[in-house]
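All remarks here apply to the structure that follows.
The values are calculated or read from the model by the stated rules, or taken from the named source; none is laboratory data. None of these values were measured; they are calculated from a predicted model. All Cβ positions, even for glycine, are placed from backbone atoms using ideal geometry, and neighbour counts span all protein chains on display. Heavy atoms of the whole protein, side chains included, go into the accessibility calculation; ligands, DNA and RNA do not. Shrake-Rupley method; radii C 1.70, N 1.55, O 1.52, S 1.80 Å.
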Amino acid sequence: MFLFDFHHHHPQKKSGLYNANILEDVFTKPFSIGLHPKDIDENWKKNLQVVKDISADKNCKAIGECGLDRLIAVDFELQKSVFEAQIDWANEIQKPIIIHCVRSFSETIALGKKSKVQMVIHGFNKKNALAQELLSHGFSLSFGKAVLNRVSLQLVIKEVPLEKIFLETDDSDFEIVELYQKVADIKSISVEELQNQIQKNLENTIK
Ligand SMILES: [Zn+2]
């Protein structure tokens, strides 16, 4: 069974969406590319142009990960400008956005109002109230390894509609099938039903 890994950093893996680095020239498999907030430096304008150039590739399925991170040293206002520029670009090329968000959800929601494409918060591991707020603003949520052993997050999954869920390994080393199995159990459906639904979600997200 084909189980889609929505966001990962494993170059050897062939399935799912590989998060490319701007210094690589992949690109024979589906990938996403963006300027991560931690990678913003004095060359950001040039690097943003690289992102734009590479993202024209037909195998580029999404812009990201990009977003906001309050725990890093990069100037927060600059992070907002670079994120906004990537939202504008995603709108222009009509590709979804994979969002990295650390302690900056209200700013992400505010900037997200500019988006005309599907926005997916990756690695979501917060409370249900925040999940519901993000859903009400049109975001989807991608869940990762934390679901396997954090009961509070399993309870969040229960409350998030299947149509809004993606699953990912990110940079962790485990098999995506474990996560599908866990979420299928939480939702009281089969892995196959979950896989079918996520496939539909992909079709609605990646045009
Ligand atoms: Zn990642």
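For His9, the conditions (1) more than 16 Å from the ligand (Cβ to nearest atom); (2) under 25 Å from Gln181 (Cβ atoms); (3) under 16 Å from the mean Cα position of the chain (by Cα) all hold with the exception of (1). Would you mind stating whether Gln49 is open to solvent by less than 20 Å² (accessible area, probe 1.4 Å), within 24 Å of Leu23 (Cβ to Cβ) and at pLDDT 95 or above? Taking the combined requirement at face value, the residue does not satisfy it. The requirement of being more than 19 Å from Ile121 (Cβ to Cβ) and within 16 Å of the ligand (Cβ to nearest atom) is satisfied by Asp173.
Checking each residue of the range 164-173 against the condition of being surrounded by 15 or more Cβ atoms within 10 Å (Cβ to Cβ), in a helix (DSSP H, G or I) and in contact with a His (Cβ under 8 Å, 6 or more places away or on another chain) gives no match. Scanning the range 168-200 for residues that are under 22 Å from Val117 (Cα atoms) and touching a Ser or Thr at 6+ places or on another chain (Cβ under 7 Å) yields a count of 1.
Working carefully through the options Ser115, Ser172, Ser142, find the one that is touching a residue at least 40 places away in the same chain (Cβ under 8 Å) and among the small types (Gly, Ala, Ser). The unique qualifying residue is Ser142. Name the single residue, out of those in the range 92-103 being in contact with a Cys (Cβ under 9 Å, 6 or more places away or on another chain) and within 16 Å of the ligand (Cβ to nearest atom), that is most open to solvent (accessible area, probe 1.4 Å). Per the criteria, the residue is His100.
With the requirement that a residue be assigned to a helix (DSSP H, G or I), of a type outside the set (Phe, Trp, Tyr) and within 24 Å of Leu202 (Cα to Cα), what does the range 48-84 give you?
Residues satisfying the conditions are Val51, Lys52, Asp53, Ile54, Ser55, Glu84.
Annotation: of all residues in the range 104-125 being in contact with a Cys (Cβ under 9 Å, 6 or more places away or on another chain) and assigned to a loop (DSSP other than H, G, I, E, B), the one that is surrounded by the fewest Cβ atoms within 10 Å (Cβ to Cβ) is Gly123. What do you reckon, is Phe4 in a loop (DSSP other than H, G, I, E, B), touching a Ser or Thr at 6+ places or on another chain (Cβ under 9 Å) and among the hydrophobic types (A, V, I, L, M, F, W, C)? Here the answer is yes, as Phe4 does meet what is asked.
Regarding Ile206, is this residue modelled with pLDDT under 95 and open to solvent by less than 80 Å² (accessible area, probe 1.4 Å)? Taking the combined requirement at face value, the residue satisfies it. If only residues of the range 145-161 that are in contact (Cβ under 8 Å) with a residue 24 or more places away in the chain and surrounded by fewer than 16 Cβ atoms within 10 Å (Cβ to Cβ) are counted, the one that is nearest to Gln199 (Cα to Cα) is Pro161. Could you run through the range 52-64 and say how many residues are open to solvent by less than 10 Å² (accessible area, probe 1.4 Å) and on the phi < 0 side of the Ramachandran plot? Count: 4.
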